[in-house]
Structure formats: C-alpha cells, structure tokens
Amino acid sequence: MKPPKFDYFDPTTVEEALDLLKEYGEDAKILAGGQSLVPLLNFRLARPQVLVDINRIKDLDYVRENNGTLAIGAMTRQRTLETSEIIRSKCGLLTDAAELIGHPQIRNRGTVGGSLVHADPTAELAAIAKALDAQMKIRSSEGERTVAAKDFFVTVMTTVLEPSEMLVEVEFPALAPSAGWAFEEFVLRHGDFAVVGVTTVVTLDAKQTCTELRLAAIGVDETPFRDPEIEGLLQGQKITDSLLDELAARVSEKVDPFTDLHATAEQRKHLAGVLAKKAIKKAEEAAILNLKKES
Amino acid sequence: MPQAYRSVEITVNGLTYNRQVEPRRLLSDFLREDLDLRGTHVGCEHGICGACTVLMNGYTVRSCLMFAVQANGAEITTIEGLAKNGKLHPLQEAFWENHGLQCGFCTPGFLLSACELLERNPDPTEEEVRVGLSGNMCRCTGYQGIVESVLAAASKMKAQK
Amino acid sequence: MKDGTATMVMTPPATKPKKKEVSGQELRKTWVGQSIKRREDPRLLTGRGTFVDDITLPNLHHAAILRSPRAHARILSYDTREAENHPGVIAVLTGEEVGQMSKPFPVGVTAAFKYYSAAVGKVRYVGEPVAVVVASDRYVAEDAMELIQVEYEPLPPIVNCEAALEADAPVLHEELGNNIGCHRLLNYGDVDQAFEEADLILKERFVFPRYSSLPLETYAVIADFDAITGMFTVHSNFMGPFSMHAVAARALDVEENKLRFIVPSDIGGSFGIKTSIYPYIVLLSLASRKAGRPVKWIEDRQEHLMASSCQTDRVAYREVAVKNDGTLLGIKSKVIENVGAYLRAPEPACTFRPIGNFVGPYKVRNVQLDAYVVMTNKCPTGPNRGYGCQQIYFEQERMMDRIAEELELDPIEVRMKNLITAEDMPYTTPTGGIYDSGDYPKAMDLVVEMSQYTKLRERQKKARAEGRLFGIGIATGVDPSVSNMGYITIALPPEFRARAGYLPKSGSAESATIQMNQRGKVSVTMGTTPQGQGHETVVTQIVADELGITPDDVVIVDEFDTAKHGWSISSGTYASRFASVGTSAAVLAARKLKGKIIHLAAALLSVPEEDLIIQEGKVFAKDNPEKNITVKRVAGTAHWNHELLPDDVEAGLQARAVFRFPANVAPDPQDRVNSSNTYGFMVEIAVVEVDPDSGKVNILDWFSVHDAGTIINPKIVEGQIYGGALHGIGGALFEELAYDDDGQFLTGSFMHYVCPTAVEAPKLTIGHICSPSPLTLLGSKGAGESSSETAPAAIAGAVADALGPLGIRINELPLNPKRVWTLIHESKTP
Ligand SMILES: Cc1cc2nc3c(=O)[nH]c(=O)nc-3n(C[C@H](O)[C@H](O)[C@H](O)COP(=O)(O)OP(=O)(O)OC[C@H]3O[C@@H](n4cnc5c(N)ncnc54)[C@H](O)[C@@H]3O)c2cc1C
Ligand code: FES
Ligand code: FES
C-alpha cells in the first residue's frame, strides 16, 4: 500500500495553484488535509499525475465574520471548528458537529474545504452546508463563482467543481441567537463515518412556536437529503410528539437510501426518521434555553 | 518544473535532518527508514489504527497520511523523543506501572495521542479518555490498562504542577 | 483438589515481595504472585523494541505480492516482461515457478490435493499470491507489480460451506472430485440410547462467522538464501508451533537444519494468526533464491485482511437429549467447517483441537460429532485465539439456554445441574480429555454473587416493563491449554493410524536454558516466541524465586533462533501453553542449576548436599549458618577456578531442562484423546441492552470469573482476560471477514472490518478462583485464550435474552446492528 508516483507542487498563493490546475487539468488533484485523498492514494484507488498541495497557502486558512455570515477559508482545519470562538458564537452547530468528524488526529489535518469537496455521502459538514444554505466560493484562473450548497453536491464524491477549479471559501449564515440546533448520528464505532446522521436547526418565536426548521440527513442518499415540504411541517406550529412522529414518518418515507455492508436501506430509512425526531427535540430544547437567556 | 526528488529539512526530536525525498514518500516511511527512527509503527496505512501517530508542530498527525515533503520545515516529535535526559515521560511511567501495554506495537501511537489529550484536557474523565483515544487501536489490552494508565498519568502530572 | 481452591476478586497489585513460608524452615521472598512491572516495557515505551520491520540487512531488497482479483479462475498466462524491465526491479517470481521450485505443503489429512505458497495453475481465493516482485524498495515493487499481466479464465466460485457439499457444487481441487478435505464421524458413549431415554430433544442450526483476532503488526518476513551452502535464513514474526517449521522445510525441500528461523524479541501481537505466516516464509524464501539477495516483505493491512489467516466459519447442527429435570444426556453435532481454499496445516485442528473438552464443563457422557472439513473459495484459515472453542461453546451454550427456555428453568440452574464438580476431579471426559483440576460450581457461585444475579433479573423485569430490550447472557467454558500434538491425528481414521510405518504423534514440551555468569547473575533463554504476553517478566519472577535472587539479577533473552536455541516441534507460544509448560520448563531449569550450585558448594564447604540450602544469595549449612559461601563465589569458582572443581562437575554453570506432560498419548482406537494438558475454567455474565432503532447492542455490565490455577503475575493475567474478552466481543458484535456470493472479499480495510476502540470496549468485573494444576510445577494453567472462547456465547445469550420477548432466537453471529435490526424488524412484520 504505497502511493503511486506523482509530480508534486506546493504553491504558496492561490493564483499559482490555479495556474497549475489550469495547466494540468484532469491530471491534477488538490491535496488539502490528505485525510481522504492519501488513503485513496495508498490503496492506489486514486492516481493523479500531479498533486497540487495547498497546505502552504496561508491565505486560505481563516475564519471571518462578514455582516451576518461566517466565512471560512477552505484550508481551515476541522480542529479550528472546535476551538474558534467566532465559530462557536456565530454558528455553534459547526463547533458541536466537529467532534463527530473522525478523531483529533484527523481533525488536526483535515480541512473544511477538503471535506466538502470530497463529498462523502455521510460527511457531517456537507449536511450542515446543505441545511444552512451555505455558499461555496469557487475560483479558477478564469474567475470566481459562488454556488449554493444545494447545487454543489452532485453525487457520491462528486461536486460541481471543474478540474481547473478550487473551493476557496465557504460561507455559513450566522445562526439566530434564539435558534437551537443538534446533530444526531448513528455510528458503528466511535469516530467512524456515520451510518445515518441528521442535523437540524430550530427557530422558535417568543411563544415557542416554530418559525423555521432546517433539516438535512446523511447516509440516506448520494448527497445530503433536504426536503422543503418536511421542513414546512413544523412551520407556525408548536412542536408536539405527534407532529414529530408524523415528520419522522415522512422522513423515513421520502429518503432513498442504499443497502451496504453495514446497514440495510430499510434500517437507514427507519433511523433517519428516529434521528430526525431526536435531533429536533434536542434542538427545540436548546432553542427554548436560548430564548430564556435572551429574555 | 516538477522534481523527482525534493530537499527537505525536518527537525525530529530536536535534531534537524536534511534529506532528499521522492514526493510520494510517506512521512511514516521517511521517519522509519530514512531516519532509522523505528519507534513509529505502521499498522494500516489508511489512517485508522493510529499506530503511526506523531506530533507535528505540537499536534498529533497520522504519519501514514502525510508525505515527508509536507513536513519540510516542521518540527516532529516521535516516540524516541518523549523521554528526556534518560527520564521517562510521566505517561510512559504510568503505562509501565499500570500495564498499559502488551505487545507494545500500538504503544508509541497511544503515548503521543495521550500527550495531546492531556495537554488539551489535563483532568479528563474516564469517558473523555476513551473518546480521546478512539483514534488509536489496540488489539491486545482490551484498552483497560491503557485507560487506567492515562488517568494515572493525569493525576500524577497534575500533582507535579 | 478442593483444599487447593481459594477465592479472590482482583486485588490491587502488590509492589513489594511477600514473605512466604516455603518448605517449613526456609523463609524467603517470593516474586511469583506479584504484579511486578514488566521487563519488556522500557524498550517498548521508548520506541526501542525490535520488530521484524525494524531489522535491516546488507543489500536488502523489498518484495510486493501480486494477488488474485478473482475467487476462482484458471491462470492461462503471465506476462512479466514489462515488470522485469522496470528500473529497480531485480526479479519476478510467478506461481508457475513456485510450482517448479517447491513442493506442496504436507498436511495431516488423507485427501490428496496440492497447496503451494502461490497459485499454481489456478487461483482459488481473492488475494491468493500469483507473483512476487523483488525491487529496490517497496514503492518500486508495487509500481512493477501493476505491470504484470495475468490472463485468467473465470470458473464458478463457491463460498458457502454447505453449498460446497452439494453434488453439483464447483470443485476447487479437481483431483479430489469434491470439496471435502476431511470427514470424520466420531462416536463416544451410547448416543442412540441417550436419545431414546430423553424426555426432550432439541435441535438447532448455528452459523459462526469468520473473524480474526487480527494483530496490529502484520506479517513480516526477511528471507535470505545462501546459494553456496543451500541455507535459508528467515527473520519473521512466526510464533510457532515449530511443527510448521517442518512443514515449511518440506515445501522448500531442504533438511530442517538448513532452514533457520529467527524471531526477534518483539512481535506485535499474534493471537494464533501468525502461525499461518509459514506459506509466506516459503514464498519469500523462493523469491530470495531467485533474486539472489535478502528480501523483505512487510504485509500491508489490505493483504492481511484478505489473505493472511483467520478462524473458520462454520455451520453446525446440534441436537441434544435432555431429561425433564434438565440433565443433559447426549449431544449429536454435525459440523461443516469452512477452511477456505486450501486445508492448510495445522488445520483441520480447528475441528479437533477442542475434542478432549468438547463437552465443556458438563457431565454428559454420550457424544456424536459428524465433522466435515470443507474447502471453498475463501482465504485459508488457521489458529486464532480460542481455536475451535468459541465455535463449540457458542453452540453448547445456546443449547443450554434453549433447554432452560423449554423446561422453564433458570439458565444458571440448568448449567449448575450439569456441571462437573470438584469431587469428580481429575475428570476424564467421554472424548478422552483429562481435566486436571477445577471447581466449576464454586466459580459459578462466585459469578452469581459478584453480578448479584437475582438483582440483575429484577432489573431486567423492570426494564422489560418499560418496554426496553434488556438481556442477561451466561456462558461457561473449559479453557484447554498446551495442546497434545496427538489430537491433530484424529483427522485420520483409526485404521490409517494403525498402519505399520505410521509414526504416531503425541506430546508437548518446552525447554529453558539458564546460565549463571561468574558473578552470580543469570540469563535465560526459552523456546518460546512471545507476542506481548510478558514472558520475560514471568520467567524473571520464577527464576528469582527458585534461585533466591532478585528479578534484577535475571536477564531473559526473548529472541529466538532455531540455530541457537533448544527447541522442538512443539515449541512456540500458542495454545496458551506458556503459563503451563513454559513456566514449568523455567522452574525445572532453575532447579537443575540450583542443584549444580549446591553440588559444587558441598564440595567447596565439605558439607553434605542434603544439609545445604540457598537463601538470599548464599549457600548455608542448615545447622551451622557459619558455614556458608556466596552463590557469587560458587559461580566464580565454576567459571574461573577449575582446579577446585570435583571430577563430576562441569566447568561453568548452566542448565537446560525440557518439561513435558505425562498424560500425552496418541489417540486411542476409539478416537479418544487428551487433546490438551491443563484445563482452566471461565464463566461470563454479560448484561446488554439492545437499541431497537439502530439494532445496536450496548454492553451494560460484564462479569467474568476464571480459574487459571496459580497466578504468577495478576496484572498480566488480567490483561489477557481483557484482551481475550474483547476479541470475543469484537467477533460477536463488530468484526467479520465478509465475502459476497461471488467470492469477492468485502472487508479489505479498517473502514469495513470494524475493530472496537476504547469507546466500545467494556469494563469487566473479574473474579478468580484458584485450583492449582497438579501437573505443572507451579500449579499454573493457561489463561491466554480464556474469554475469547466464551464471550461470543455470552453476547449471543444476552442478546437472545433481550430479544426473547419478541420471539427472536439467536443462532447466528455477528450480532451487528444490521443483523439485529433486521431480526427485530422481521419479528414485527408478519
Ligand atoms: C479515520 C478517519 C475517520 C474519518 N471520519 C470522518 C467523519 O466521521 N466524518 C467526515 O466528514 N469525515 C471523516 N473523515 C474524513 C476527513 O474529514 C477528511 O479530512 C475529509 O474528508 C477531507 O478533507 P481533507 O482536507 O483531508 O482533504 P483531502 O483528503 O486532501 O482531499 C479530499 C478531496 O478533496 C479535494 N480537495 C480538497 N480541498 C480542495 C479544495 N479547496 N478545492 C478543490 N478540491 C479540494 C482533493 O483533491 C480530494 O479529491 C475521516 C478520515 C479518517 C482518516
Ligand atoms: S498506520 Fe497510520 S493510522 Fe494506521
Ligand atoms: S499492546 Fe499490542 S496492540 Fe496494543
């Protein structure tokens, strides 16, 4: 299990990296944290001729607050999600979900951008990006475009990125101070990719009526699952157990998962519903707490 | 122009090494074979077992998921650098006293992971130790001796402060 | 034996040696029984251990192995030219050449099929070696490996062992005409009568999966062939039994003394798995011969998962005859053992190793075993921690629970009813095992007490009332250690064994060599190849006690070298043999040395030997302590001053001893055999809760009581129990080496083969009773496999108990979320 030969570049600026991507096109691959790409290289399941290592581009590692949004540079390590105060205060869901990604050693290297572009069907960050309508800032030597998360993920391990393109930033909306959130998942073993996971953000008004529900599920389709109709179920409603049961049933019904070594499609459907209910309940409780803190 | 070999300067356990490496050379192989530091072990080469864990600039990383070229300019601590001046690190002592190892193949990885764990959380609960070390596999001990060792080291290190 | 039993629940380790009365008047320190810190730890803690991959040799080259992507296919052609021309490549060795350069491995069955270290003519499992590339480094070797073209003609694969028995099943080895590697029908007692007398007959079908205790260090071999002398020198993490050395020598077609095995001081775990490295030793030896230089091969994890070794999977039909009071009268068992593509020595030991303890701790006298050992398109199998026992105890203990269920008895009660008692010891089982000592009811009482079993049942009632799936599982097992080599010949029919010229096999021995230098310090070498069991420490404790010195005075050399060490066919570290046979050899050697010291001291002091004792570094006259001499001076004399040595005394001070067990005989014509030598006991109580939504089994509590005879180092034994239990739990809940119906291998990475981490590992409450073995010199028994044999049954029992209210029966492992969820789901959908 040794990686095949490749040519190696470690540019220090985004522009240099983009030039290399343009020059080598399909033959090149970006190397970010390496926590998904290097295993593939070691198994010789990926064999790019050129690796463009972007670890030396200092400009891609940042967390910034821009009026109401949180901009995270693609090379920001997953570990920063756990430690950054700005992230905790503006989008605590990212902080809480970070510890679900692998292990400390993985998060020390693995990046936010790498996780999104790798587009594993059970990546936590992909679920959050989809649930929160994150915006992906993409650059090539030709220019820049922004793609919404809902359009970014195409299928298993595939995004809209062209070979000459690089994800440079992801922008998450800041969560309302009164919002509550949760990420619930089922794993076989601690730190593994989830079998099924559900993330949700619940916003309540002063009367504890739900004004907004965001919900995305992973492990149930090729890309994170989100459904406006399901999210609408709680709109303007007090959250009750029977309403949640109905919602859970809808989730189970609507998702279209697969059977693999570790779980059956039926089991995944069931779990998606159960975890949705559990996550919403947890998020609701957190939202109520936040409401109390506010008043 | 891409080069078949690259010069790197890497500081390992306080000593700076200059070497020529092929870009695809894994950091784990570089440490073991090029520097002959055989204490870093390799158990899976796909990032799961944790045997190859080393500290890079103070953070734990999988040396099987990095290329040596990527460590150019970095400071690395391997198991060989843990004991200082012939004196075992408190974690090493605790592993010795609490039967924290059997075959010892996983041990270097566990020790370095535990170093970071205690640095981030000097007073962990048993549950936190288990979660904190879940990125390292041991096939001999059933983990109990390891968990007890880390908890013992934590109290010892706290007492020393 | 009853007098010898004592109860203790794990006490904190003592650090100071205790004073203990030894022989009436002799008061001395004892190190045996203490949890002294391990001698091997300092090097391992600081990264200075020596594992095979840490060794390098001049002009060392590196190998990569091209493996079959197909489960079953004919090899039509190889094209190796491009690979051979690749820069850095020294040689390419194909399976075809392996067929020319070596002989098939011998194996102890009558079926005549050919097994080589690489595929010859046909591939029979995914991962089977097809060719070897030797190159300047592993990266280059892997590059070149990809350039080899192999043309295959696909053949239909067969992976299911029952289907492999069907008349129209694809046949792996055409020369056999079917897939049966071995078939024996064994009868003990009068099974027919037992079933006639029964009030109740129950029958179940069981499926046990393939898993591996999977060491963290993979296989590693450095082979070096010397063309001038014809000598093969091999460094590897081979663990024994050294009978496999003989098998490897036959394949290489060299005399045993021309095949030198060197095992370094450190092996990164093995658990039986590294026994089966020997085909790779042969393959790499051939590669070295072809390449004309030393060759290193470090197996990668993917290779290890798909093509090293593992335990068998099997299907078993078990029928029991029972009285209404729960008395077990008879067992009929039909077993279909899946050994994979080649029946590889020491298989079919999996089927026969537990023959002597087939009945476990129960008194049943009538047993029938109809055993089919079947070859399919999966990786060949071999020893794995617990070897054969986890399978039979799973079947046995599931049956005990079925009996309890059917007769509405408590599962503890049914087991108690049938247990062999202390009065029965030593107990000869119907299959020929001789249980040396034990008090099974006492151990059972202890686990009931420790677990507060009655309260557990109350907890369960409450949980069930709340709609929770809460279960309690009980599993007992007799833990056999130190295999009698003879058991393997059960694979041969008695007529075959009776033939003139057939060399019967029996026995198990271990040797120790001890040397005292001129300053009275001691070094010891053993014929063992430890993989983390702490032999250095344990031998140190023993030798220090025997010679009245301290552990600091003793150095143990863990490396093993067939050219330098005393060893025999049965040497090695397997079958939990060290604690019994290894320790006894150390004691014997130390005693022999002590005898020599006393003999020489007697001459130097002019005092009769009988009047002398050794204590704290001195030899004294018992009645006249003034008359004494230091051991150091005796040693100094032996080495430096031969003038003072009596004629019958050798110069220098050393002793070598071989310990062997008395009751090791070959199987009798009725196929009875004492398959092991010491027999420990364990009983587990597992408490679980099943999450109906995910199907996940959560372990809430675990109680484990053991009788391993005298315990030399409690911490080390505790570590073995923990490790063994987690292997059993891993196999029962998480780990499976899975194939699809086409023989494609599905679990080639740690993402797919799921090993538990510290988060999944339960904390155990461990208790001990001690029934010293009358056969070993310290009374110790093996404890290395213990809970790996009973944990799967305990989990199965607990999950069955939890799911019982849903009408679910558990007859198949692993109980991973997928299976458990599906069972629950199906129970709800009519
Ligand atoms: C043991 C283990 C457990 C893990 N568990 C989890 C888990 O539970 N959840 C989870 O989500 N992940 C998990 N991961 C994966 C981890 O999060 C990875 O870090 C992540 O999937 C990829 O990020 P990376 O920075 O390491 O990217 P790399 O591995 O370097 O790259 C991944 C892919 O993305 C491309 N890429 C990277 N960055 C960019 C960019 N800026 N622009 C364009 N393309 C880019 C690369 O070319 C490559 O194709 C685990 C990994 C391991 C080894
Ligand atoms: S060898 Fe690097 S994680 Fe296993
Ligand atoms: S001590 Fe052997 S793998 Fe951990």
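Looking at region B:27-80, which of its residues are open to solvent by 20 Å² or more (accessible area, probe 1.4 Å), out of contact with any Phe, Trp or Tyr (no Cβ under 7 Å at 6 or more places or on another chain) and within 11 Å of ligand 2 (Cβ to nearest atom)?
B:Val42, the sole residue that qualifies.
Would you confirm whether any residue within region C:388-409 is under 30 Å from C:Gly807 (Cβ atoms), assigned to a loop (DSSP other than H, G, I, E, B) and touching a residue at least 12 places away in the same chain (Cβ under 8 Å)?
yes
Step by step: first the residues of region A:101-118, then only those that are more than 6 Å from ligand 1 (Cβ to nearest atom) and more than 13 Å from chain B (Cβ to nearest Cβ), then the one that is surrounded by the most Cβ atoms within 10 Å (Cβ to Cβ). Which residue is that?
A:Val112
If you check every pair at least six apart or on different chains, which have Cβ atoms under 9 Å apart with a residue in region C:762-784 that is assigned by TED's automatic domain parsing to the domain that holds C:Ala794 first and a residue that is among the basic types (Lys, Arg) and surrounded by fewer than 24 Cβ atoms within 10 Å (Cβ to Cβ) second?
C:Ile769/C:Lys442; C:Ser771/C:Lys2; C:Ser771/C:Lys442; C:Leu777/C:Arg591
Going by the structure shown, is C:Arg398 more than 28 Å from the chain's Cα centre (by Cα) and basic (Lys, Arg)?
It is false that C:Arg398 is more than 28 Å from the chain's Cα centre (by Cα) and basic (Lys, Arg).
Going by what's in this entry, would B:Asn72 be described as within 16 Å of ligand 3 (Cβ to nearest atom), of a type outside the set (A, V, I, L, M, F, W, C) and either in contact (Cβ under 8 Å) with a residue 40 or more places away in the chain or under 24 Å from C:Thr50 (Cβ atoms) (or both)?
The answer is no for B:Asn72.
Give C:Asp401, C:Asp370 a once-over and let me know the one that is in contact with a Lys or Arg (Cβ under 6 Å, 6 or more places away or on another chain) and farther than 24 Å from C:Tyr574 by Cα.
Values: C:Asp401 fails: in contact with a Lys or Arg (Cβ under 6 Å, 6 or more places away or on another chain).
Residue meeting the stated conditions: C:Asp370.
Starting from region B:28-52, keep only residues that are in contact (Cβ under 8 Å) with a residue 24 or more places away in the chain, then list their pairs with residues that are within 7 Å of ligand 2 (Cβ to nearest atom) and among the charged types (D, E, K, R) whose Cβ atoms are within a distance under 6 Å, requiring at least 6 positions of separation or different chains.
Going by the 6 Å Cβ cut-off, the qualifying pairs are B:Cys52/B:Arg62.
Can you list the strands (runs of 3 or more DSSP E) lying wholly within region C:67-173 that have 3 or more residues being touching a helix residue (DSSP H, G or I) at 6+ places or on another chain (Cβ under 6 Å) and farther than 30 Å from C:Ala316 by Cα? Don't jump to the end; show me each part of the working.
On the way: elements: C:73-79, C:89-94, C:129-135, C:149-154.
Qualifying strands (runs of 3 or more DSSP E): C:89-94, C:129-135.
Tell me yes or no: at least one residue of region B:33-56 is more than 23 Å from C:Asp143 (Cα to Cα), assigned to a loop (DSSP other than H, G, I, E, B) and of a type in the set (Val, Ile, Thr).
The answer is yes, given that some residue of region B:33-56 is more than 23 Å from C:Asp143 (Cα to Cα), assigned to a loop (DSSP other than H, G, I, E, B) and of a type in the set (Val, Ile, Thr).
Can you find, within region C:187-240, the residue that is farthest from C:Val339 (Cα to Cα) among those that are more than 16 Å from ligand 3 (Cβ to nearest atom) and in contact with a Cys (Cβ under 7 Å, 6 or more places away or on another chain)?
C:Tyr211
Going residue by residue through region C:152-160, is there one that turns out to be of a type in the set (D, E, K, R), open to solvent by 40 Å² or more (accessible area, probe 1.4 Å) and over 21 Å from C:Lys296 (Cβ atoms)?
Taking every residue of region C:152-160 in turn, at least one turns out to be of a type in the set (D, E, K, R), open to solvent by 40 Å² or more (accessible area, probe 1.4 Å) and over 21 Å from C:Lys296 (Cβ atoms).
Of the residues that make up region C:639-661, is at least one of a type in the set (Asp, Glu) and at pLDDT 95 or above?
Applying the first criterion (of a type in the set (Asp, Glu)) to region C:639-661 yields C:643, C:647-648, C:650.
Then keep just the ones that are at pLDDT 95 or above; that gives none.
No, region C:639-661 has no match at all.
Could you grab me the full set of residues in region A:72-87 that are surrounded by fewer than 18 Cβ atoms within 10 Å (Cβ to Cβ) and either within 14 Å of chain B (Cβ to nearest Cβ) or not β-branched (Val, Ile, Thr) (or both)?
Matches in region A:72-87: A:Thr83, A:Glu85.
Of all residues being within 14 Å of chain A (Cβ to nearest Cβ) and in a loop (DSSP other than H, G, I, E, B) in region B:121-137, which is surrounded by the fewest Cβ atoms within 10 Å (Cβ to Cβ)? Just the residue, please.
That would be B:Asn121.
Looking at A:Thr12 and the list (1) surrounded by fewer than 17 Cβ atoms within 10 Å (Cβ to Cβ); (2) within 13 Å of ligand 1 (Cβ to nearest atom); (3) more than 10 Å from every other protein chain (Cβ to nearest Cβ), which single condition is not satisfied?
Failing condition for A:Thr12: (2).
Could you say whether any residue in region B:42-53 is touching a Pro at 6+ places or on another chain (Cβ under 8 Å), under 16 Å from A:Gln35 (Cα atoms), within 8 Å of chain C (Cβ to nearest Cβ) and of a type in the set (A, V, I, L, M)?
yes
In region C:245-259, how many residues are assigned to a helix (DSSP H, G or I) and open to solvent by 10 Å² or more (accessible area, probe 1.4 Å)?
Total meeting the criteria: 6.
Across region A:189-199, what is the number of residues that are at the interface with chain C (Cβ under 9 Å from one of its Cβ atoms) and open to solvent by less than 20 Å² (accessible area, probe 1.4 Å)?
Here is the first cut: in region A:189-199, the residues at the interface with chain C (Cβ under 9 Å from one of its Cβ atoms) are A:189-193, A:195-196.
With the extra rule that they be open to solvent by less than 20 Å² (accessible area, probe 1.4 Å), the set shrinks to A:189, A:191, A:195-196.
The number of residues fulfilling the criteria is 4.
List, please: which pairs have Cβ atoms under 8 Å, are six or more places apart or on different chains, and start with a residue in region A:61-77 that is under 13 Å from A:Lys137 (Cα atoms) and within 16 Å of ligand 3 (Cβ to nearest atom) and end with one that is open to solvent by 10 Å² or more (accessible area, probe 1.4 Å) and at pLDDT below 95?
Pairs found: none.
Listed here are the residues, each with its yes/no results for (1) over 22 Å from C:Lys818 (Cβ atoms); (2) open to solvent by 10 Å² or more (accessible area, probe 1.4 Å).
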{"position": "C:Gly695", "(1), (2)": "no, no"}
{"position": "C:Asp701", "(1), (2)": "yes, yes"}
{"position": "C:Gly709", "(1), (2)": "yes, no"}
{"position": "C:Ala725", "(1), (2)": "yes, no"}
{"position": "C:Gly731", "(1), (2)": "no, no"}
{"position": "C:Asp742", "(1), (2)": "no, yes"}
{"position": "C:Leu746", "(1), (2)": "no, yes"}
{"position": "C:Met751", "(1), (2)": "no, yes"}
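What's the number of the condition B:Ile79 fails, among (1) away from ligand 1 (no atom under 16 Å from the Cβ); (2) more than 13 Å from the chain's Cα centre (by Cα); (3) at pLDDT 95 or above; (4) within 12 Å of chain C (Cβ to nearest Cβ)?
(2)
For region C:260-290, name all the residues that are surrounded by 24 or more Cβ atoms within 10 Å (Cβ to Cβ) and either of a type in the set (Lys, Arg) or over 22 Å from C:Thr50 (Cα atoms) (or both).
C:Lys274, C:Pro279, C:Val282, C:Leu283, C:Leu286, C:Ala287, C:Ser288
Does B:Cys138 satisfy the condition of being within 9 Å of ligand 3 (Cβ to nearest atom) and closer than 18 Å to A:Gln105 by Cα?
On the way: within 9 Å of ligand 3 (Cβ to nearest atom): yes; closer than 18 Å to A:Gln105 by Cα: yes.
Answer is yes for this residue.
How about region C:399-441: which of its residues are over 28 Å from C:Ser506 (Cβ atoms) and aliphatic (A, V, I, L, M)?
If the condition is that a residue be over 28 Å from C:Ser506 (Cβ atoms) and aliphatic (A, V, I, L, M), then C:Met399, C:Met400, C:Ile403, C:Ala404, C:Leu407, C:Leu409, C:Ile412, C:Val414, C:Met416, C:Leu419, C:Ala422 are the ones that fit.
From the set of residues in region C:753-773 that are open to solvent by 10 Å² or more (accessible area, probe 1.4 Å) and either among the polar types (S, T, N, Q) or facing chain A (nearest Cβ under 8 Å) (or both), which is farthest from C:Val690 (Cα to Cα)?
The qualifying residue farthest from C:Val690 (Cα to Cα) is C:Thr765.
Select from region A:253-266 the residues that are at the interface with chain C (Cβ under 9 Å from one of its Cβ atoms) and touching a residue at least 24 places away in the same chain (Cβ under 8 Å) and write down the one among them that is most open to solvent (accessible area, probe 1.4 Å).
Checked region A:253-266; the qualifying residue most open to solvent (accessible area, probe 1.4 Å) is A:His262.
The values are calculated or read from the model by the stated rules, or taken from the named source; none is laboratory data. Given the structure is predicted, the values throughout are model-derived calculations rather than measurements. Because the Cβ atoms are built from the backbone with ideal geometry, glycine has one as well, and the counts that use them run over all protein chains shown. Side chains are part of the model used for accessible areas, which takes the heavy atoms of the whole protein and leaves out ligands, DNA and RNA. Shrake-Rupley method; radii C 1.70, N 1.55, O 1.52, S 1.80 Å.
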